[in-house]
2 protein chains.
Amino acid sequence: MALRVVGVDPGLTRCGLAVVDVEPNRRASLVDVTVVGTSPDTPLDQRLLAIAEGIDAWLDQHCPDVLAVERVFSQLNVSTVMGTAQASGIVIVAAARRGIPVALHTPTEVKAAVTGSGQASKAAVGKMVAKILRLAEPPKPADAADAAALAITHGWRGAAPGSQASTGVTAGSSGLTPAQRAWAAAEAATRQRG
Amino acid sequence: MALRVVGVDPGLTRCGLAVVDVEPNRRASLVDVTVVGTSPDTPLDQRLLAIAEGIDAWLDQHCPDVLAVERVFSQLNVSTVMGTAQASGIVIVAAARRGIPVALHTPTEVKAAVTGSGQASKAAVGKMVAKILRLAEPPKPADAADAAALAITHGWRGAAPGSQASTGVTAGSSGLTPAQRAWAAAEAATRQRG
């Protein structure tokens, strides 16, 4: 009855993909993690196609209940933000084509959820991801750990009934998936007992 | 023996799509033009899915030789640039999936190609697009006219042999399409006569 979350840290050079199963009791287990990498020497259309084919295969293989992707802002680093936004658009459409709800989380939300501090370092996030997932060391590279952190963040936050709006789930029409509903019910029962 | 160019002015609220056939003698004819519109009230994933389905259908219907899309910069208007970049990524992948070469042109290049001035106004671009395509008035809204202007720009520039690098065609491995090769040959012959 776990919620299966695919977390995506979008990027043109390295796009981190993780699959995390989150139990109603918040226990999170890493199912799989990878990075789709493309070279800056490759033409843009072929780079974006590689990312599209990578996420397509990932979703078909793992059939997640929900996809969590980093909310992209127009950051200071303008040289990479366009490629990051293009990659995120492709990832979101891949989920939407399959009827998989999409949730957006900011980097600050992810850091706060995983480490307790919105200002945590990359290293601190990786360390907590390893601890949460009971791994000997953080998934590498950092994009893989960030993808796992996104999945954990959504798994923990998305569990609460009525939390859709605050977590930015955008596929509102379909509402909760069966697994999400089951989980919400389990969480509610846990709270009543507690 | 015309080169069929799909021009795309990417955007989340209005994504302009145009099909222009450009003859070796630079005569350009509008085949079709439309705008895929999505509402800001719609969840992001459904907006991006609508754009993906719109460009998929457009490419399958019109089978272009090349797709020309506006090169997105991190402009001052940060509230819309992320959505524009996401839409452009989706459009580029739609072409790449079909083996259609993708060319990127800056707004300045487009204005210069169509009006002779890189600082031309929207109205001036629309007016020249109408004149070039022998239309009674510019395609509306402006996104549709911009998409047509992009197609014209690429049709005129892409015609010249060896111009791929400068016009930003990114699908380098496949080189020129048969139509592009034929056109390049015709252009070369014209230059020799002139």
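List of remarks:
- Position B:Phe73: other-copy label points at 2.3 nm, ordered by increasing distance, label point 7 Å along Cα→C-beta.
- Counted by Cβ distance under 12 Å from B:Arg98, the other residues give a net charge of -3, where Lys and Arg count +1 and Asp and Glu count -1.
- Between A:Thr108 and B:Asp56, the simple label model (points 7 Å from Cα in the Cβ direction) yields a spacing of 3.6 nm.
- Label-to-label distance, nm, for residues given as B:Arg98 and A:Arg26 (7 Å Cα→Cβ offset): 4.9 nm
- 10 °C / 1.306 mPa s Stokes-Einstein diffusion coefficient of region A:12-66, Kirkwood radius on C-alpha pairs, µm²/s: 127 µm²/s
- B:Met1-B:Thr42 FRET efficiency (beta carbon distance; Förster radius 45 Å; 0.05 resolution): 0.60
- Other residues lying with their Cβ under 13 Å from the Cβ of B:Gly89 contribute a combined charge of +1, Lys and Arg counting +1, Asp and Glu -1.
- Residues losing 30 Å² or more accessible surface upon assembly, region B:32-47, compared with the chain by itself, 1.4 Å: B:Pro43, B:Leu44, B:Asp45
- Teacher prompt: B:Pro40 distances to equivalent labels in other copies, 7 Å Cα→Cβ, nm: 3.5
- Which of A:Cys63, A:Cys15 is most accessible, then next, and so on - probe 1.4 Å: A:Cys63, A:Cys15
- Carbon and sulfur %, accessible surface of region A:1-42 computed with the full protein complex present, 1.4 Å: 42 percent
- Buried accessible area, chains B and A (both chains, 1.4 Å probe, Å² to nearest 100): 2200 Å²
- The alpha-carbon of B:Lys111 sits under 22 angstrom from the alpha-carbons of these lysines, leaving out residues fewer than 8 places away in its chain: B:Lys122, B:Lys127, B:Lys131, B:Lys140.
- Local electrostatic count, A:Val8, Cβ distance below 11 Å [Lys/Arg +1, Asp/Glu -1]: -4
The values are calculated or read from the model by the stated rules, or taken from the named source; none is laboratory data. Everything numeric here is computed off the predicted structure, so don't read it as measured data. Here the Cβ is made from the backbone with ideal geometry for all residues, glycine too, and neighbour counts use every protein chain on show. Ligands, DNA and RNA are stripped out before the accessible areas are found, and what is left, the full protein with its side chains, is counted by its heavy atoms. Shrake-Rupley method; radii C 1.70, N 1.55, O 1.52, S 1.80 Å.
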